[in-house]
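Input: a single structure, listed below in structure tokens.
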Amino acid sequence: MLYLKCTLAVQKAIGLRKENLAVSTETEALLGNWYVNRFDIGHRKAFIFMSQSTLLSFVLFQGEIPTTQERLPTMLLAGLQQLLEMRGFSNEAIMRAIRHCETAAFAKTDSRTDLGSLNDLVHHYQWRIEYEGGLGLCDLTRTSCP
């Protein structure tokens with residue numbers, strides 16, 4: 001089981017209620033549980049996903065608002081697979097990384113340290129995009145962190 005530890009901004013955006021949140025535990029997933037936040041880049045909304053154990057992160061822009069049952073975990077898997085492919089990982093390594101991500105539950109954030117890292121990454125992405133001239137000129141494939 002994988003836990004998506006959602007900030008209040010994400011909980012509100014996707015309609016998660018407190019009773020829908022599980023108490024997170026350790027996971028067997030190679031990259032651990034994931035923190036998720038929602039933030040603005042220019043006039044667009046974006047989701048940032050950050051591995052709790054490695055701080056590996058990526059940003060996906062919000063199209064339609066995801067639902068709690070389907071879309072957010074699907075976004076995580078698709079974004080993670082794409083990131084690992086862009087970084088040159090083999091299909092076998094990618095499958096090992098996402099193997100335990102098939103079932104996900106939602107939890108609240110539970111570490112100030114991890115939340116601070118997540119917020120630092122949000123500021124990094126915002127700064128980098130602005131520095132490169134905005135969304136129209138920025139190559140987000142080169143902007144992943146760490």
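Checking L77, L4, L55, L60 one by one, the residue that is out of contact with any strand residue (DSSP E or B) (no Cβ under 7 Å at 6 or more places or on another chain), closer than 19 Å to N119 by Cα and in contact (Cβ under 8 Å) with a residue 12 or more places away in the chain is L55 and no other. Of all residues in the stretch 33-49, those satisfying the criterion of being touching a helix residue (DSSP H, G or I) at 6+ places or on another chain (Cβ under 7 Å) and at pLDDT 90 or above are W34, Y35, V36, N37, R38, F39, F47, I48, F49. Are any residues in the stretch 7-19 surrounded by 15 or more Cβ atoms within 10 Å (Cβ to Cβ) and either touching a Ser or Thr at 6+ places or on another chain (Cβ under 7 Å) or among the aromatic types (F, W, Y) (or both), and if so, which ones? T7, I14, L16 - these are the residues of the stretch 7-19 that are surrounded by 15 or more Cβ atoms within 10 Å (Cβ to Cβ) and either touching a Ser or Thr at 6+ places or on another chain (Cβ under 7 Å) or among the aromatic types (F, W, Y) (or both). Only residues that are assigned to a strand (DSSP E or B) and either hydroxyl-bearing (S, T, Y) or under 16 Å from Q126 (Cα atoms) (or both): list them for the stretch 15-35, please. Correct list: Y35 only. Residues of the stretch 1-32 that are at pLDDT below 95 and polar (S, T, N, Q): Q11, N20, S24, T25, T27. Annotation for the stretch 54-68: at least one member residue is modelled with pLDDT under 95, surrounded by 14 or more Cβ atoms within 10 Å (Cβ to Cβ), part of a loop (DSSP other than H, G, I, E, B) and of a type in the set (V, I, T).
The values are calculated or read from the model by the stated rules, or taken from the named source; none is laboratory data. As the structure is a prediction and not an experimental result, all values here were calculated from the model. Virtual Cβ from ideal backbone geometry, glycine too; neighbours counted across all protein chains shown.
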